[in-house]
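The values are calculated or read from the model by the stated rules, or taken from the named source; none is laboratory data. What you see is a predicted model, and the numbers here were worked out from it, not measured in a lab. Glycine gets a Cβ as well: all are built from the backbone with ideal geometry, and neighbour counts include every protein chain shown. For the accessible areas, the whole protein counts, side chains as well, though only heavy atoms, and no ligand, DNA or RNA atoms are used. Shrake-Rupley method; radii C 1.70, N 1.55, O 1.52, S 1.80 Å.
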Amino acid sequence: MPSGIMARESWKIFRIMAEFVEGFERLSQIQPSVSVFGSSRTPPGHPYYALTEEIGRKLSDAGFAVVSGGGPGLMEAANKGAFAGRSPSVGLNIHLPHEQAANPFHNVTLTFQHFFARKVMFVKYAKAYVVLPGGFGTLDELVEALTLVQTGKSVRMPIILVHRPFWSGLIDWFSRTLVAEGVISGEDLSLFAVVDTADEVLDAIFRFYERVGFEPSEEEQEIKLNL
């Protein structure tokens, strides 16, 4: 490898470290939080936008900081709802070749160069994942969360898919193909819940923590530390 490229690679390590350090320092102070995902392409006025805004507001008023990808569409809707509520609205924006503009509804904004650093921040401090309809990016975050919980690299938490008609085909494929082929177990289907309303999102989160307790055990703290 040419020395100039090697030098740039070496300096890149420090940029990556800086993203992790800033994220850890700022987000560790904003708890409890819920990470919300959904399409960047869904405009205001769409039913999904209104539903996501309602979810963001109800989570915020219930005491959860709301963390989104910081951009337009359903990310904006989640932040907008939270921004109007009583808890912080957090946007984790990312530089893209076709620039992603940050939405204006943040109390806290972080901007990342690297997807992998940003993805750690979504899961490390989250008490739940709420996943609205979306495309490849949303699916990426969903499968990342399921994989981390399935493998024990993250603590068990509510992973909530919102709007059954959108998700039904994927869930059927999980069951009829992945379980049938033996590449996941039937028990893995219990790693997530599917709901339709904002109130059901809140109910699913609180039912989970009423059962397991809101304060993490020492083992769970260690898992989070090593994430």
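Observations on the structure shown:
- Annotation for S185 and R8: the two label points, set 7 Å from Cα along the Cα-Cβ direction, are 4.7 nm apart.
- Using alpha carbons only, the radius of gyration of segment 167-209 set against its Kirkwood radius gives Rg/Rh = 1.08.
- nm² value of the averaged projected area, convex hull over the Cα atoms of segment 77-146: 5.1 nm²
- Surface share of carbon and sulfur [accessible, 1.4 angstrom probe, percent] for segment 70-109: 57 percent
- Value of [θ]222 nm, deg cm²/dmol, for the chain, DSSP H segments ≥ 4, -39500 (n - 2.57) each, nearest 500: -15000 deg cm²/dmol
- Rounded, prolate or oblate (a/c below 1.5 giving rounded, otherwise prolate when a/b exceeds b/c) for segment 60-178 by Cα gyration tensor: prolate
- Amide H contacts of I94 (H built 1.01 Å from N, under 5 Å, at least 5 apart or other chain): F112
- The slack between V212 and A84, meaning 0.36 nm per residue of separation minus the straight C-alpha distance, is 43.1 nm.
- Rounded if a/c under 1.5, otherwise prolate or oblate - segment 1-72, Cα gyration tensor axes: oblate
- Here, segment 107-227 yields an orientationally averaged convex hull projection of 8.8 nm² when only Cα atoms define the hull.
- Fluctuation leader among A204, A180, A78 - the chain, Gaussian network, Cα springs under 10 angstrom: A180
- For the peptides 163-172, 50-59, the ranking by mean Cβ contacts within 10 Å, running from highest to lowest, is 50-59, 163-172.
- Relative contact order, whole percent, for segment 35-177 stands at 22, derived from Cα pairs under 8 Å and 6 or more residues apart.
- For segment 1-80, the solvent-accessible area works out to 52 Å² per residue, with a probe of 1.4 Å and every protein chain left in place.
- Close amide-amide hydrogen proximity is noted between K127 and S33, V34, S35, each under 5 Å apart and 5 or more residues distant or on a separate chain (H modeled in the peptide plane; Pro and chain starts excluded).
- Start at zero, step by 5 Å, and the Cα-Cα distances of segment 144-184 spread as 6, 20, 18, 26, 23, 6, 0 percent across the bins.
- Remark: segment 115-227 carries 53 Å² of accessible area per residue (probe radius 1.4 Å; ligands, DNA and RNA excluded).
- Rg over Rh [alpha-carbon atoms, Kirkwood Rh] for the chain: 0.98
- FRET efficiency, E22 to H46 (Cβ-Cβ, R0 35 Å, nearest 0.05): 0.60
- Of the three principal axes defined by the Cα atoms of segment 1-126, the extents in descending order read 53, 30, 19 Å.
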